[in-house]
Amino acid sequence: MSASAQVPVARHTTPVCTLAPEGAWALGAMRRPGMTVAEISRRIPKAQQTISSVVARLEKLGLIERRLGSGRGVGLHVTDAGREMAQVAVTHEQELNARLRELLGEERSTALTELLRESRAILREAR
């Protein structure tokens, strides 16, 4: 997989995250190679300090790396190991979401999805 390849992000119908919370938003935020911590913090309801802490952990694990970008910014890039882990996580999450839909049924699963989407929107507005 090329260094410029993007991280796979599931387009699932039931947004129940089975990853550690910071891992889930990090995967979503890293879809675009070269994003900065500031750009990520504008997209998600997390403080820059929190994001920087998670980025440091992911970097220490070899899942992302920092590269000088244009201007003064430092862009974040997912490594090959990070892409592999993301794919495994996305696949696992899709399997668990399918199981949840099976257990809840389509109607309750859809209702849960909508409630979680509304909650996310409310949290973003409250920022």
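Answer yes or no: is there a residue in segment 98-105 that is within 25 Å of LYS46 (Cβ to Cβ) and surrounded by fewer than 12 Cβ atoms within 10 Å (Cβ to Cβ).
No, every residue in segment 98-105 fails to be within 25 Å of LYS46 (Cβ to Cβ) and surrounded by fewer than 12 Cβ atoms within 10 Å (Cβ to Cβ).
Looking at segment 44-71 only, could you name the residues that are within 17 Å of the chain's Cα centre (by Cα) and of a type in the set (A, V, I, L, M, F, W, C)?
ILE44, ALA47, ILE51, VAL54, VAL55, ALA56, LEU58, LEU61, LEU63, ILE64
For segment 62-85, give me each residue that is on the phi > 0 side of the Ramachandran plot and modelled with pLDDT of 85 or more.
Within segment 62-85, the first condition is being on the phi > 0 side of the Ramachandran plot, and the residues that meet it are 62, 71.
GLY62 - this is the single residue of segment 62-85 that is on the phi > 0 side of the Ramachandran plot and modelled with pLDDT of 85 or more.
Within segment 40-60, track down each residue that is free of Cβ contacts under 8 Å to residues at least 12 places away in the same chain and outside any helix (DSSP H, G or I).
Once the filter is applied, which keeps residues that are free of Cβ contacts under 8 Å to residues at least 12 places away in the same chain and outside any helix (DSSP H, G or I), segment 40-60 yields only ALA47.
So, in segment 86-122, how many residues would count as being at pLDDT 85 or above, under 23 Å from ARG32 (Cβ atoms) and hydrophobic (A, V, I, L, M, F, W, C)?
Of the residues in that region, 2 qualify.
Could you list all residues from segment 61-83 that are of a type outside the set (Val, Ile, Thr) and in a strand (DSSP E or B)? Spell out how you get there, then give the answer.
Going through segment 61-83, the residues of a type outside the set (Val, Ile, Thr) turn out to be 61-63, 65-73, 75-77, 80-83.
If the condition is that a residue be of a type outside the set (Val, Ile, Thr) and in a strand (DSSP E or B), then GLU65, ARG66, ARG67, LEU68, GLY75, LEU76, HIS77 are the ones that fit.
The values are calculated or read from the model by the stated rules, or taken from the named source; none is laboratory data. Predicted model only: the values in this text are computed from it and were never measured. Neighbour counts run over all protein chains shown; Cβ positions are idealised from the backbone, glycine included.
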